[in-house]
Amino acid sequence: MNFHAAIPLIATIAYIPLFVILLSNRPWQRRHRLFLLFLIPAMLWSLSGFLLRSGLFMPHILAKIIPSATIWMLIQLHYFISSFYRSERIKIPLAYTFLVVTLVLTGLDYIPQSIEVTAEGTVIVNYGIGMVALGLLFLFTLGVKDVYSLLQRYKTSSDASERNQIMYSLAATGVLTVFLLGSFTPGGGQYPVPHIGNFVTACIFTYAVVAHRLLDIRVIFRQAFINVILYGGSVKPENVDTLMAEKEIDGVLVGGASLQPESFARIVKYSQ
């Protein structure tokens with residue numbers, strides 16, 4: 001496996017914990033369903049990128065799947081983001097017009113324009129000006145609206161938890177957008193630049209879900225995930241304030257820090 005193929009594979013794997021969290025916390029609320037509909041194309045996009053760059057599947061078919069998966073992912077991210085500033089359900093999902101147009105253009109062979117395999121075996125796909133124009137149109141219509149609405153919601157919200165959720169959602173959206181735009185720079189199509197962004201986005205969302213309640217998941221599951229994955233299994237001076245801020249937690253497990261007087265004293269005198 002070459003380096004260019006490894007990055008999309010890592011990005012795909014990075015979303016697995018989020019799938020586990022969702023599947024372990026049913027029944028789903030509206031935001032859970034919207035987030036799941038984002039996870040599916042996000043994983044499909046990077047998985048297709050892995051297969052394309054590793055040469056394990058027909059590149060011409062994958063080169064047609066990737067643009068549609070990308071647009072589908074952006075649409076679902078839009079609807080997930082909009083759940084923060086729109087309480088009512090969207091009756092007519094007009095954003096799917098972008099996906100329909102992408103499917104038509106790929107079906108008519110306007111996307112991609114060309115596929116090149118280098119001497120080193122690297123697959124370079126030129127998606128053409130049509131894909132660029134479609135992406136920029138999405139960015140400057142729905143994307144700008146989402147960012148503006150989230151910022152307005154952030155300013156008016158008095159709930160610290162919701163403000164954190166919005167902040168991390170904005171961070172994930174910004175990272176994904178920057179790396180997607182990076183794929184249109186010279187050489188950006190040769191390297192898995194957008195999939196690096198997808199990996200970082202998965203990490204941001206995972207942290208926001210388990211540490212800042214981006215999704216309403218079970219307390220026990222969330223706390224176990226925080227302790228084992230994020231904090232190494234026991235409380236430390238660096239994380240005691242975050243843990244004790246949880247309403248459902250009234251005690252912590254002190255491990256190696258109990259052998260260090262200064263660390264143990266800091267844990268005992270946590271900020272309430």
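The values are calculated or read from the model by the stated rules, or taken from the named source; none is laboratory data. Since the model is a prediction, treat every value here as computed from it, not as a measurement. Cβ sites come from the backbone with ideal geometry, for glycine too, and all protein chains shown count toward neighbours. When the accessible area is computed, the model is the full protein with side chains, heavy atoms only, and any ligands, DNA or RNA have been set aside. Shrake-Rupley method; radii C 1.70, N 1.55, O 1.52, S 1.80 Å.
Which order do the peptides 162-169, 132-139 come out in when sorted by mean C-beta neighbours inside 10 angstrom, highest first? The partial results should precede the final answer.
Working: 162-169: 19.0, 132-139: 15.9.
Per-residue Cβ counts within 10 Å, averaged per peptide and sorted highest first, yield 162-169, 132-139.
Largest first, how would 147, 210, 193 line up by accessible area (1.4 Å probe)? Walk me through the intermediate numbers first.
On the way: 147 60, 210 0, 193 35 Å².
In descending accessible area the options line up as 147, 193, 210.
Taking just the C-alpha trace of the range 94-135, give me its Rg and Dmax in Å.
12.5, 43
Please go through the range 1-73 and write out the chymotrypsin sites (Phe, Trp or Tyr not before Pro) that DSSP classes as loop and that have at most 15 other C-beta atoms within 10 Å.
Numbers: sites: 3, 15, 19, 28, 35, 38, 45, 50, 57, 72; in loops: 15, 28, 57.
Qualifying residues, ordered by number: 28, 57.
If you place +1 on the Cβ of every Lys and Arg and -1 on the Cβ of every Asp and Glu, how big does the dipole about the Cα centre of the range 5-154 come out, in debye to the nearest 20?
Working: 11 positive and 5 negative charges, 166 e Å.
So the dipole magnitude of the range 5-154 works out to roughly 800 debye.
Report the far tail of the P(r) of the range 65-110, meaning the percent of Cα-Cα pairs longer than 14 Å.
On the way: 545 of 1035 pairs.
Summing the P(r) of the range 65-110 above 14 Å gives 53 percent of all pairs.
As an exercise, find the ratio Rg/Rh for the range 10-78 from alpha-carbon atoms, using the Kirkwood inverse-distance average for Rh. Don't jump to the answer; show the numbers that get you there.
Values: Rg = 13.3 Å, Rh = 12.7 Å.
Rg divided by Rh gives 1.04.
Using only Cα atoms, figure out Rg for the range 75-165 and give it as a multiple of 2.2 N^0.38 Å. Provide the component values of the computation, followed by the final result.
Details: Rg = 18.1 Å, N = 91, 2.2 N^0.38 = 12.2 Å.
Dividing the Cα Rg of the range 75-165 by 2.2 N^0.38 Å gives 1.49.
Quick one: order 102, 141 from most to least accessible surface, probe 1.4 Å.
Values: 102 0, 141 60 Å².
Ranking 102, 141 by accessible area, largest first, yields 141, 102.
Based on the Cα coordinates of the range 1-140, what is the per residue volume of their convex hull in Å³?
Values: hull volume 17.2 nm³, N = 140.
In the range 1-140, the Cα hull volume divided by residue count equals 123 Å³.
Can you compute the FRET efficiency between residue 13 and residue 122 using 1/(1 + (r/R0)^6), with r the Cβ-Cβ distance and R0 = 22 Å? Round to the nearest 0.05.
Details: r = 22 Å, r/R0 = 0.98.
According to the calculation, E is roughly 0.55.
Given a Förster distance of 22 angstrom, what is the FRET efficiency for residue 30 paired with residue 139, based on the Cβ-Cβ distance and rounded to 0.05?
Computed FRET efficiency for residue 30 and residue 139 comes out at 0.30.
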